[in-house]
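Read the structure below first, then the notes.
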Amino acid sequence: MLVRRAGQGAGSVSVEAVRTVLVPRERFERWVANFADRHGGGPGIVTGAGGIFGMAQDGSTFHARLPFDVQYDGPADAAAFAAAISVPADWGLLLVRKGGFAVARLAGERLVDSKVGQRHVQGRTKAGGQSQQRFARRRDNQARQAYEAAADHAARLLGERAPHVVTGGDHAAVDEVLADPRLKRVTVDERWLPVPDPKRGVLDQAILDAAAAEVQVINHGEDQ
């Protein structure tokens, strides 16, 4: 489960820990029950802002939203919300970092096709002068070749029918791949997955994370 914690300092919540968790459909009702147990009972649930809000007895809250930018306007109920968590009939995943990529095409929950690739990109050097410049050019060329390979497979798997695509990895690397004209019709989801170097296991987990509910939690009175 991916967790992103709010930064400390100006503009952050001083005495409340804020985090976002990704909760799969089959675990959502249990997650809500556990939330209530941890925070003194409840939660009272209302529908709003495209999802559901819950507040526990100690003042802790959560806001849950459906994946794939879907707006929820159903009953204020954990079971009903869980039942609404679904995936599109045609969607994809694009994960790119400097040293590798993973692309997947899915039909609902079924994996249609995928490609995971690793490319060697040299790390930084402490050398100076012309040696450093040559090294930097070589490193840039290796990265460009990696992005081109990712774009070729992304175009093959995602470009033809332009499915809804969830992205992740490194922002600059993903932008380089999406700049390919063959991917101009792809619809990019607002969700971002901060994954490590894309390998098969990373891709498998990213598919599950992309299909999960996104829940923002504020734990009242905790400084984490």
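The values are calculated or read from the model by the stated rules, or taken from the named source; none is laboratory data. Just so it is clear, the model here is predicted, and its values are computed rather than measured. Counting neighbours? That spans all protein chains shown, and the Cβs are built from the backbone with ideal geometry, glycine included.
A few notes on this one:
- Any hit, segment 100-110, residues being at pLDDT below 95, farther than 30 Å from Arg27 by Cα, surrounded by fewer than 22 Cβ atoms within 10 Å (Cβ to Cβ) and not β-branched (Val, Ile, Thr): no
- Tally of residues being in a loop (DSSP other than H, G, I, E, B) and modelled with pLDDT of 95 or more across segment 205-224: 2
- Residue count for segment 44-84 satisfying the condition of being more than 27 Å from Leu193 (Cβ to Cβ) and in a loop (DSSP other than H, G, I, E, B): 7.
- Among the residues making up segment 43-88, those that are crowded, with 17+ Cβ neighbours inside 10 Å, within 19 Å of Val18 (Cβ to Cβ) and touching a residue at least 12 places away in the same chain (Cβ under 8 Å) are Pro43, Gly51, Ile52, Gly54, Met55, Ala56, Ser60, Thr61, Phe62, His63, Ala64, Arg65.
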